[in-house]
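Inspection log for the structure reproduced underneath, given as structure tokens.
Read-outs throughout are calculated quantities, based only on the coordinates presented, and are distinct from any laboratory measurement. Keep in mind that this is a model prediction, so the values were computed, not measured. Cβ placement follows ideal geometry from the backbone for every residue including glycine, while neighbour counts extend to all protein chains displayed.
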Amino acid sequence: MSLPTEAASNPRSPAREMTMVEALREALREEMRRDQRVILLGEDIGIQGGFGGAFTVTLGLSEEFGHRRVIDTPISEAGIAGVATGAALGGLRPVADVQYGDFLFLAMDQLANNAAKLRYMSGGKLTVPMVFRAPVGATTRGSQHGQSLEAFFMHVPGLKVACPSNPYDGKGLLKTAIRDDNPVMFFEHKLLYGSKGARKEQSGLQVTAVVPEEEYLIPFGQAKLLRSGRDVTLVASLLMVHRPMEAAKVLEKRDIDAEVIDVRTLVPFDWETVFQSVRKTGRLIIVEEDNLTGGWGAEVAARVAESCIGYLDGPILRVAAPDTPVPFAPVMENFYVPSVERIVAAAQDLVA
Amino acid sequence: MSETRPDAEHRVAMYRSMVLCRRFEERVYYLFLEGRLPGTIHQSQGQEAAAVGVCSALEAKDMITSTHRPHSHALARGVSVNSLMAELFAKTAGCCGGKGGSMHVGDRDAGMLPAIAIVGGGIPLAAGYALAFQYLHRPNIVACFFGDGAANIGTFHEAVNMAAIWDLPVVFVCENNKYAASTGVEKSMKVKHVSDRAAAYGIPGETADGNDVETVYRSMRRAGARARQGQGPALLELETYRFAGHSRSDPGHYRASEEVAAWKERDPIALYEARLCAEGVLDREKISAIASEIENQLEKAVELAEQAPSPRSEDCLTDVFAN
């Protein structure tokens, strides 16, 4: 499946269908060619004969840039985050990663207490230009390899948070992240990688997008209106963007015209695009793969209530994961992750 | 600066630096008692030789990382007394603009990152900064200060190991003051010396007398030269003692008074003063000149800090993000 992108409508762009993995890899390659200060740090990212990171994003980069710039680390997530932060202070622009987002908890002190706060604690004298990539999302790997952790980081002042839903955005946002002078948490959904070969996800979406050959950047804080509608606003990020798009087709047959917004970055957040949509439709459903309580959808609900309550024709709803760990059994996982059916049902209830 | 023996001028400078650290901490102690400074403090009286010996062995563009007990590190590294005092007074003129406070003092231009007050949290930062030095082909090193308590947290292991495998130009300086807050070092580790752990990472380890400033200086010069030449990190353990409690509210009842008295007999400043006098480098006259010069310097720093404008409340909102 393919989401509409700017590139698709640009006739001058040579058409290239790319997967998320290919697009992210191209972003890294371009930025490493452009700026010698960009280095990569992570586990299994550049080993000869290895797999180019847990999901092959860095495959081939150590061959081009060498092991001085594609640095394989021991299994030391706190060390990786701290070393990346220190290297960023020292004048480099590290792009570090963890194999699974769940491992970010091991690095939490370095990210939340050091990377996020050093600019502030120094009275604005220091910058921490680093990117921390992390794959998220439930993929029948159970509770410790399937969480969606974006909200934790949205809560920490000083960190930016990006959540691309498709390869076009993935490339443009990653390039922006690498050039940003702030620490950026860059979340990638495992079911969106669409990588071919050994690491292909069984239940993954074959999401591809047209990615132009010429360079482009996608600014942070600009949500994307993916589908215009008048009855209900559906807001999502990452994999979940694709569920409301499917739901919108079903709803259309039932005479409900849904508007779909891909937030693209949680920090900074494009509040105005969401507010404008809600003022038009009068109804809001937030779709998120994170646990319901304290997810980023709660923040969206609160802000919309503060700014648009007079425009609302019904309660703000969230279609989110229940407050449980991520289960293993596929039948339970399917229940856990928000489905098209749940979104359709919520929209019908709201509009009825 | 000679490799093994500092000249007379350098020796006097080290003595002066230690006295500055001590008098600064004493003044700060009373300023707190008088309620003129907000927050808390973790003081370093007794540990001056470690701070000064290490920092005297550094070059201008080297970097240090520090801990929740950073005042002596900052002074020894050359962070300005006025900006340090202003930071403790929570003023805009402070080295962190009033956003850091006692536990985060630092000034990168002076060669010190903001101190990291999570025990062990600064160790990977030091390795990372050293990685940048190495990558950028700079002839510089990082001196990473931490305490005996930090030697037991995971980031110590992760960062020392990473520095070791990549031969990073960093010297890990453990100020072993025998207590992690109130918990004695013998309750926290099975090995006798923190430096014993160096073997586990395949790097040199040394335990040195942290109350003898010249011993510290020589050890740091050796470890630093090695790191600077691309031969990788070392773990330098400095045995020392803090005369004060862990923080300002700690009377230190967990330490036997005989133990405290024995360490005060080995006061690093008194020891060095006696030696420099015996060797004719210092005399009573020079000592009192240094003392009054430092008193004036501190008097002025306090005066400036008190008179300096406070930040505006809404300055709280700036410096979260760059741009």
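Mind scanning B:99/B:300; A:253/A:280; B:91/B:178; B:91/B:192; A:190/A:224; A:160/B:99 and naming the pairs with a C-alpha gap bigger than 32 Å? Mind dumping the intermediate values first?
On the way: B:99/B:300 22 Å; A:253/A:280 21 Å; B:91/B:178 34 Å; B:91/B:192 43 Å; A:190/A:224 21 Å; A:160/B:99 21 Å.
The answer is B:91/B:178; B:91/B:192.
Between residue A:250 and residue A:329, what FRET efficiency comes out of the Förster formula 1/(1 + (r/R0)^6) with R0 = 25 Å and r the beta carbon distance, rounded to 0.05?
On the way: r = 26 Å, r/R0 = 1.05.
Using R0 = 25 Å, I get an efficiency of 0.45.
What does the charge add up to near residue B:224, with Lys and Arg as +1, Asp and Glu as -1, over the other residues with Cβ less than 9 Å from its Cβ?
Working: positive: B:221, B:222, B:226, B:228; negative: B:59, B:62.
Residues near residue B:224 contribute +2 overall.
Given the DSSP H assignment, sum -39500 (n - 2.57) over each helix run of at least 4 residues in chain A and divide by its residue total; what's the result at 222 nm in deg cm²/dmol, nearest 500?
Numbers: 11 runs with 110 residues, N = 352.
It lands at -9000 deg cm²/dmol.
Per 5 Å bin, what percent of the C-alpha pairs of the range A:13-210 does each bin hold, from zero upward?
1, 8, 17, 22, 22, 16, 9, 3, 1, 0
Take peptide B:101-110, look around each residue's Cβ out to 10 angstrom, count Cβ atoms belonging to other protein chains, and average those counts.
On the way: counts 1, 0, 1, 6, 1, 5, 3, 5, 1, 0.
Neighbouring Cβ atoms belonging to other protein chains average 2 per residue here.
Name the long-range amide H neighbours of residue A:93: under 5 Å, sequence gap of 5 or more, or other chain; modelled H, no Pro or chain starts.
The answer is A:38, A:39.
Each residue of the range A:72-83 in order: what ³J(HN,Hα) in whole Hz does its phi give by Karplus 6.51 cos²θ - 1.76 cosθ + 1.60, θ = phi - 60°, with x for Gly and Pro?
7, 10, x, 6, 8, 5, 5, x, 4, 5, x, 5
With a 10 Å Cβ neighbour count serving as the proxy for reagent exposure, in which order, fewest first, do B:71, B:42, B:10, A:189 appear? Before the final figure, lay out the partial values.
Numbers: B:71 26, B:42 22, B:10 15, A:189 29.
So the residues, fewest neighbours to most, are B:10, B:42, B:71, A:189.
Calculate the radius of gyration of the Cα atoms of the range A:224-351 to one decimal place, then report Dmax, the largest Cα-Cα distance, as a whole number, both in Å.
According to the Cα coordinates of the range A:224-351, Rg and Dmax are 13.7, 43 Å.
Can you give me the Cα centroid spacing of the range B:41-87 and the range B:151-230 in angstrom?
Between the Cα centre of the range B:41-87 and that of the range B:151-230, the gap is 18 Å.
In chain A, what percentage of the DSSP-assigned beta bridges are antiparallel, given to the nearest 5? Provide the component values of the computation, followed by the final result.
Values: 8 of 40 bridges.
About 20 percent, rounded to the nearest 5.
With only Lys, Arg, Asp and Glu charged, each at its Cβ (+1 for the first two, -1 for the last two), find how big the charge dipole of the range B:83-212 is about the Cα centre; round to the nearest 20 debye.
Numbers: 9 positive and 12 negative charges, 63 e Å.
Taking the Cα centre of the range B:83-212 as origin, the dipole is about 300 debye.
Residue by residue, what Karplus-based ³J(HN,Hα) values in Hz, rounded to whole numbers, does the range A:89-106 have, using 6.51, -1.76 and 1.60 with θ = phi - 60° and x for Gly and Pro?
Whole-Hz 3J(HN,Hα) from phi for the range A:89-106: 4, x, x, 9, 10, x, 10, 9, 8, 10, 5, 9, x, 3, 6, 4, 4, 5.
Neighbour counts of other C-beta atoms within 10 Å: give me B:157, A:155 arranged from fewest to most. Each step should come with its number before you reach the end.
On the way: B:157 20, A:155 14.
Arranged by neighbour count, lowest to highest, B:157, A:155 become A:155, B:157.
Considering every residue in B:162-173, what mean count of other chain Cβ atoms within 10 Å of its Cβ is obtained?
2
From the C-alpha coordinates alone, can you work out the Kirkwood hydrodynamic radius of chain B, in Å? Each step should come with its number before you reach the end.
Values: mean 1/r = 0.0502 Å⁻¹.
With all distinct Cα pairs of chain B included, I get 19.9 Å.
Compute the longest continuous run of chain B that contains no exposed GluC sites (Glu not before Pro); treat a site as exposed when its DSSP state is not H, G, I, E or B and it has at most 14 other Cβ atoms within 10 Å. Let's see the in-between values first.
Details: sites that count: B:3, B:34, B:59, B:279.
The reported range is B:60-278.
From Cα coordinates alone, what are the radius of gyration and Dmax values for the range B:140-205 in angstrom?
11.9, 37
Calculate the mean, over all residues of peptide B:112-122, of how many other protein chain Cβ atoms lie within 10 angstrom of the residue's Cβ. If you can, show how the numbers build up before the last one.
On the way: counts 0, 8, 11, 1, 8, 2, 5, 0, 3, 7, 3.
Mean shielding count: 4.
Among the helices of chain B (complete DSSP H runs), which have Cα atoms covering no less than 30 Å along the helix axis and a Kyte-Doolittle mean of at least -0.5? Could you put the intermediate results ahead of the total?
Values: long enough: B:8-33 (38 Å, -0.05); B:284-307 (34 Å, -0.54).
Within chain B the helices that satisfy the rule are B:8-33.
Name the long-range amide H neighbours of residue A:319: under 5 Å, sequence gap of 5 or more, or other chain; modelled H, no Pro or chain starts.
A:286, A:287, A:288
List the trypsin sites (Lys or Arg not before Pro) within the range B:24-81 that fall in a DSSP loop (any state other than H, G, I, E or B) and whose Cβ has at most 16 other Cβ atoms within 10 Å. Present the calculation step by step, with values, prior to reporting the outcome.
Working: sites: B:27, B:36, B:61, B:77; in loops: B:36, B:61.
Within the range B:24-81, the qualifying trypsin sites (Lys or Arg not before Pro) (loop, at most 16 other Cβ atoms within 10 Å) are B:36, B:61.
What percentages make up the Cα-Cα pair-distance distribution of the range B:185-254 when the bins are 5 Å wide from 0?
Over the range B:185-254, the share of Cα pairs per 5 Å bin runs 3, 15, 18, 19, 17, 13, 8, 4, 1, 0 percent.
Note down the magnitude of the dipole of the range A:224-351 about its Cα centre, charges +1 on Lys and Arg C-beta and -1 on Asp and Glu C-beta and zero elsewhere, to the nearest 20 debye. Intermediate values should be presented prior to the final figure.
Values: 14 positive and 19 negative charges, 62 e Å.
Dipole size: approximately 300 debye.
Between helix A:167-179 and chain A, what is the angle of the helix's C-alpha long axis to the longest principal axis, kept within 0 to 90° and rounded to the nearest 10?
50 degrees
Once you have the alpha carbon radius of gyration of the protein assembly as shown, what is it after dividing by 2.2 N^0.38 Å, with N set to its residue count?
On the way: Rg = 28.2 Å, N = 675, 2.2 N^0.38 = 26.2 Å.
The value comes to 1.08.
Could you estimate the translational diffusion coefficient of chain A from the Stokes-Einstein equation, with Rh from the Kirkwood formula over C-alpha pairs, at 10 °C and 1.306 mPa s, in whole µm²/s?
Working: Rh = 20.4 Å.
It comes out at roughly 78 µm²/s.
How charged is the neighbourhood of residue B:61? Take every other residue with its Cβ under 15 Å from the Cβ of residue B:61, and add Lys/Arg as +1 and Asp/Glu as -1.
Numbers: positive: B:77, B:108, B:138, B:228; negative: B:59, B:62, B:107, B:109.
So the environment of residue B:61 carries a net charge of 0.
So which trypsin sites (Lys or Arg not before Pro) in the range A:81-173 are both in a DSSP loop and have at most 13 other Cβ atoms within 10 Å of their Cβ? Don't skip to the answer; put the middle values down first.
On the way: sites: A:117, A:119, A:125, A:133, A:141, A:160, A:171; in loops: A:117, A:125, A:141.
Loop-located and lightly packed - none at all.
Give me B:287, A:261, B:116 sorted ascending by neighbouring Cβ count inside 10 Å, so fewest comes first.
Values: B:287 16, A:261 25, B:116 32.
Starting with the residue having the fewest Cβ neighbours, the order is B:287, A:261, B:116.
Within 12 Å, Cβ to Cβ, of residue B:322, how many net charges do the neighbouring residues add up to if Lys/Arg are +1 and Asp/Glu are -1?
Numbers: positive: A:119, A:125, A:160, A:179; negative: A:180, A:181, B:319.
Net local charge, residue B:322 excluded: +1.
Ordered by residue, what ³J(HN,Hα) values in Hz, to whole numbers, does the range B:187-197 give under the Karplus form 6.51 cos²θ - 1.76 cosθ + 1.60, where θ = phi - 60° and Gly and Pro are x?
7, 10, 8, 7, 6, 6, 10, 4, 5, 4, 6
Post the alpha-carbon centroid distance, the range A:279-332 to the range A:111-178, in whole angstrom.
21 Å
For the range B:8-309, with the dipole built from +1 on Lys and Arg beta-carbon atoms and -1 on Asp and Glu ones, taken about the Cα centre, which of B:32, B:160, B:302 lies farthest toward the positive end?
Most positive-ward Cα: B:160.
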